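All remarks here apply to the structure that follows.
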Amino acid sequence: MERSKVTVSEKEIARQREYAAKMRGIIGMQGLAAHIRTYGCQQNEADSERLAGMAEEMGYRITEHAEDADLILVNTCAVREHAELKALSITGQFKHLKAKRPHLLIGICGCMVTQEHRKEDIKHKYPYVDFLFGTGMLYKFPEILYNAYHSGTRSFYIDDTEGNIAEGIPVRRESSFKAWVSIMYGCNNFCTYCVVPYVRGRERSRAKEDILAEIKELADAGYREITLLGQNVNSYGKDLGTGYEFPDLLEDICKIQGEFLVRFMTSHPKDATKRLIDVIADNPKMAKQFHLPLQSGNNRVLEIMNRHYTREHYLELVDYMKERIPEIAITTDIIVGFPTETEEEFEDTLDMLRRVQYDNIYSFIYSKRAGTPAAKMEGQIPADVQGARFSRLLEVQNAISHARNEVYEGKIVRVLVEGRSKTDDTKLTGRTERNRLVHFEGDDSLIGQFADILVTGAQTHSMTGELKK
Ligand code: 5AD
Ligand code: SF4
């Protein structure tokens with residue numbers, strides 16, 4: 001894709017900021033509040049931080065309570081049916097708020113509504129939704145809202161380009177010590193089950209200067225953890241044609257001054273290289289963690305998923321990781337019950353869990369996505385068979401996760417303290433470099449800092465410990 005066609009011009013961004021200023025002029029004094037509800041992946045969370053940044057620029061205060069809001073925005077996900085149903089159900093509930101507060105504006109954005117059939121659903125079945133915009137229109141939020149505010153008519157925008165990059169959008173970060181930084185958008189891989197390439201467009205990389213400047217700013221502001229985002233970070237830079245690739249970017253990021261850890265997601269096994277693993281091994285700022293989605297442990301299934309690697313290739317990468325970085329924590333995504341998957345083929349996936357010894361897995365029951373090739377495949381697996389395989393998968397992995405945590409008992413681990421524990425607020429929760437949670441007693445002043453913890457107990461999904469310093 002030609003750069004000029006993908007990059008939103010500075011003039012257009014300035015035009016949007018003028019709309020934001022106009023909105024601020026109109027609503028600035030009224031003390032209005034905006035509520036943003038986010039579903040789905042980290043990319044969506046990062047997008048919501050930009051939507052919140054724009055809403056603030058327009059004069060809205062951000063509220064966590066939908067009942068107090070004068071503007072509600074639902075940022076949706078489409079990757080599985082369950083995510084879509086949740087977003088539709090919450091949108092349905094907001095109808096009652098509109099009955100109580102007629103001036104309330106309701107908008108929907110994100111991956112779900114970037115699909116034509118969902119756009120039509122919203123148009124016809126959700127008459128109280130005022131506006132809708134697809135993932136490629138995010139930067140136009142001020143203009144869209146301005147029009148919704150003034151016209152009183154409903155509007156529905158889906159971009160028909162292959163995607164864009166917009167720099168210079170204000171951002172309101174949720175955390176003052178952990179930050180998402182998108183390095184690229186979209187995906188070219190067309191795995192046969194996946195809707196992402198259809199709703200997020202083709203791969204396009206941000207310019208390295210923009211990424212490095214953003215991270216420098218974060219490091220200067222005292223951020224302790226930077227997570228780089230992209231559907232396939234290993235493709236970073238390929239569309240720029242400069243020969244500057246993902247490992248080069250990581251090396252440059254690690255040269256930035258500051259005490260911070262760098263994580264990234266997601267990496268595709270077909271494009272992960274030994275050089276990438278070397279960069280992680282050789283740079284103390286790189287978290288010793290690698291998320292490498294396997295999806296299936298069987299070569300025939302991988303082939304019909306259009307994944308372009310074999311289990312043997314995957315294991316080679318894992319062996320090299322363990323050789324270069326013995327303490328590495330490997331995590332993965334698994335789909336169970338893909339069309340035509342047999343019992344033996346599913347067992348190949350279990351076998352891979354035992355061989356790799358993942359610290360953690362994110363497992364999903366295959367969900368049929370409209371418009372993807374797998375949705376039309378013969379041999380869809382019945383829900384009860386999928387469910388039974390899913391339970392077996394969790395059983396095998398839970399034992400491995402538990403054993404992987406037990407290794408740390410009696411050892412001191414460094415954590416970034418994230419906040420009060422969600423299940424027991426007498427404790428703090430920290431995340432180790434290897435992305436494991438540790439609960440321990442301590443003072444709120446530690447939140448946002450690194451701390452050393454002696455691990456005293458191991459559970460399946462977390463550990464308990466004592467603060468050392
Ligand atoms: N059904 C189930 N899981 C899916 N994923 C993507 N598409 C589907 C689908 N149709 C999973 C993959 C991917 C993760 C983000 O979501 O495992 O890596
Ligand atoms: Fe979806 Fe495959 Fe692209 Fe990941 S690499 S976003 S699973 S199409």
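The values are calculated or read from the model by the stated rules, or taken from the named source; none is laboratory data. Computed from a prediction, not measured in an experiment: that's the story for all the values here. Please note: Cβ atoms are built from the backbone with ideal geometry, for glycine as well, and neighbour counts cover all protein chains shown. Just the protein is used for accessible areas: all its heavy atoms, side chains included, with ligands, DNA and RNA removed. Shrake-Rupley method; radii C 1.70, N 1.55, O 1.52, S 1.80 Å.
For the stretch 154-196, chymotrypsin sites (Phe, Trp or Tyr not before Pro) meeting the loop criterion (DSSP other than H, G, I, E, B) and having at most 13 other Cβ atoms within 10 Å: Phe190.
Per-residue extension of 0.36 nm, minus the Cα-Cα distance of Glu116 and Tyr362, leaves a gain of 85.7 nm for this segment. Its residues counted as N, the stretch 412-467 yields a C-alpha radius of gyration over 2.2 N^0.38 Å of 0.94. Of all stretches in the chain that contain no GluC sites (Glu not before Pro) in a DSSP loop with at most 10 other Cβ atoms within 10 Å, the longest one is 65-326.
Which trypsin sites (Lys or Arg not before Pro) in the stretch 200-260 pass both tests, a DSSP loop state and at most 16 other beta-carbon atoms within 10 Å?
Working: sites: Arg200, Arg202, Arg204, Arg206, Lys208, Lys216, Arg224, Lys238, Lys255; in loops: Arg202, Arg206, Arg224, Lys238, Lys255.
Sparse-neighbourhood loop trypsin sites (Lys or Arg not before Pro): Arg202, Lys255.
Taking a quarter of the surface of the convex hull around the Cα atoms of the stretch 63-184, what do you get in nm²? Please report the intermediate quantities before stating the final value.
On the way: hull surface 34.7 nm².
Mean orientational projected area (the stretch 63-184, Cα hull): 8.7 nm².
Taking the Cα centre of the stretch 265-414 as origin and assigning +1 to Lys and Arg Cβ atoms and -1 to Asp and Glu Cβ atoms, the resulting dipole is close to 580 debye.
Approximating the spin labels as points 7 Å out from Cα along Cα→Cβ, the His65-to-Val407 distance works out to 4.7 nm.
Rounded to the nearest 20 debye, what is the charge dipole size of the stretch 131-192 about its Cα centre when +1 sits on each Lys and Arg Cβ and -1 on each Asp and Glu Cβ? Could you put the intermediate results ahead of the total?
Working: 5 positive and 6 negative charges, 63 e Å.
The calculated dipole for the stretch 131-192 is roughly 300 debye.
Rounded to the nearest Hz, the phi-derived 3J(HN,Hα) couplings of the stretch 237-248 under the Karplus curve 6.51 cos²θ - 1.76 cosθ + 1.60 (θ = phi - 60°) are x, 4, 6, 7, x, 9, x, 8, 10, 4, x, 5, where x marks glycine and proline.
Among the trypsin sites (Lys or Arg not before Pro) found in the stretch 326-433, those both in a DSSP coil and sparsely packed, with 12 or fewer other Cβ atoms within 10 Å of their Cβ, are Lys411, Lys422.
Separation of the stretch 308-368 and the stretch 121-170, taken as the distance between their Cα centroids, equals 39 angstrom. Only one residue of Ala399, Leu454, Ile334 has its Cα farthest out toward the positive end of the dipole of the chain, where Lys and Arg carry +1 and Asp and Glu -1 on Cβ, and that residue is Ile334. List the relative contact order of the stretch 342-469 as a percent without decimals, with contacts defined as Cα pairs under 8 Å and 6+ residues apart. The normalised contact order for the stretch 342-469 reaches 21 percent.
Given R0 = 51 Å, the distance between the Cβ atoms of Ala99 and Ala383 translates into a calculated FRET efficiency of 0.90. Overall, the chain carries a charge dipole of about 920 debye about its Cα centre when +1 sits on the Cβ of Lys and Arg and -1 on the Cβ of Asp and Glu, all other atoms neutral. Summary value for the stretch 71-159: 27 percent relative contact order, contacts being C-alpha pairs under 8 angstrom separated by 6+ residues. Residues whose amide H comes within less than 5 Å of that of Asn232, counting only those at least five positions distant or on another chain, are Thr266 (H built at 1.01 Å from N in the peptide plane). Ranking Met305, Ser48, Phe156 by Cα position along the charge dipole of the chain, where only Lys, Arg, Asp and Glu carry charges on their C-beta atoms, puts Phe156 farthest toward the positive end. Spin-label pair Ser151-Leu85: with each label point 7 Å from Cα along the Cα-Cβ axis, the two points sit 3.4 nm from one another. For the chain, the fraction of 1.4 Å probe accessible surface lying on carbon and sulfur atoms is 50 percent. Surface exposure of the stretch 179-406, expressed per residue as accessible area with a 1.4 Å probe, stands at 38 Å². With both labels modelled 7 Å from their Cα along Cα-to-Cβ, the Ala213 to Thr456 distance reads 4.9 nm. Across the stretch 393-405, rounded Karplus estimates of 3J(HN,Hα) from the backbone phi angles (6.51 cos²θ - 1.76 cosθ + 1.60, θ = phi - 60°) give 4, 5, 4, 5, 5, 4, 5, 5, 4, 4, 4, 5, 6 Hz, Gly and Pro being marked x.
Let me check against my output: what whole-number percent is the relative contact order of the chain, with C-alpha pairs under 8 Å and at least 6 apart? If you can, show how the numbers build up before the last one.
Details: 902 pairs, mean separation 47.1, N = 469.
Here the relative contact order equals 10 percent.
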